[in-house]
Amino acid sequence: MYNEKRKAITAKYVKAHLDDIKIRVKKGEREKLKTIAAEMGMSMNSLFLTAVEEYIEKNYKPENIEKRD
């Protein structure tokens with residue numbers, strides 16, 4: 001059962017192990033993305049992480065990035 005003690009433990013874990021990234025979308029897009037994620041059997045978080053990972057894998061070419069000192 002989810003109670004205040006469990007909530008505190010979860011909050012402590014999240015604070016210690018996870019970072020937050022906030023994105024902004026046009027009105028109505030959030031629900032659209034939430035529906036798409038659900039239809040794909042994913043959470044919105046999983047949908048975004050998968051999309052970013054696939055984009056990086058396809059497009060990131062370290063040799064094309066200028067090194068800054």
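The values are calculated or read from the model by the stated rules, or taken from the named source; none is laboratory data. The structure presented is a predicted model; accordingly, all values stated were derived computationally and were not measured. Glycine gets a Cβ as well: all are built from the backbone with ideal geometry, and neighbour counts include every protein chain shown. These accessible areas exclude ligands, DNA and RNA; they are computed on the full protein's heavy atoms, side chains included. Shrake-Rupley method; radii C 1.70, N 1.55, O 1.52, S 1.80 Å.
Computed with a 1.4 Å probe over protein heavy atoms only, the accessible surface of the chain comes to 107 Å² per residue. Dipole check for the chain: with +1 at the C-beta of Lys and Arg, -1 at the C-beta of Asp and Glu, and the Cα centre as origin, the magnitude is about 500 Debye.
Ignoring ligands, DNA and RNA, what percent of the accessible area of the range 1-66 is carbon or sulfur (1.4 Å)? Carbon and sulfur together cover 56 percent of it.
On the basis of the beta-carbon distance and an R0 of 25 Å, residue 20 and residue 54 show a calculated FRET efficiency of 0.70. Helical content alone sets the calculated 222 nm signal of the chain at -19000 deg cm²/dmol, taking -39,500 (n - 2.57) per DSSP H segment of four or more residues and averaging over every residue. Per-residue surface analysis assigns residue 29 an accessible area of about 70 Å², computed on protein heavy atoms at 1.4 Å probe radius. Using equal-weight Cα scatterers in the Debye expression, the normalised intensity of the chain in log10 at q = 0.24, 0.25, 0.27, 0.28 Å⁻¹ is -1.08, -1.09, -1.11, -1.12.
Most fluctuating residue of 38, 11, 51 in a GNM of the chain with Cα springs under 10 Å: which is it? Ranking 38, 11, 51 by mean-square fluctuation puts 11 first.
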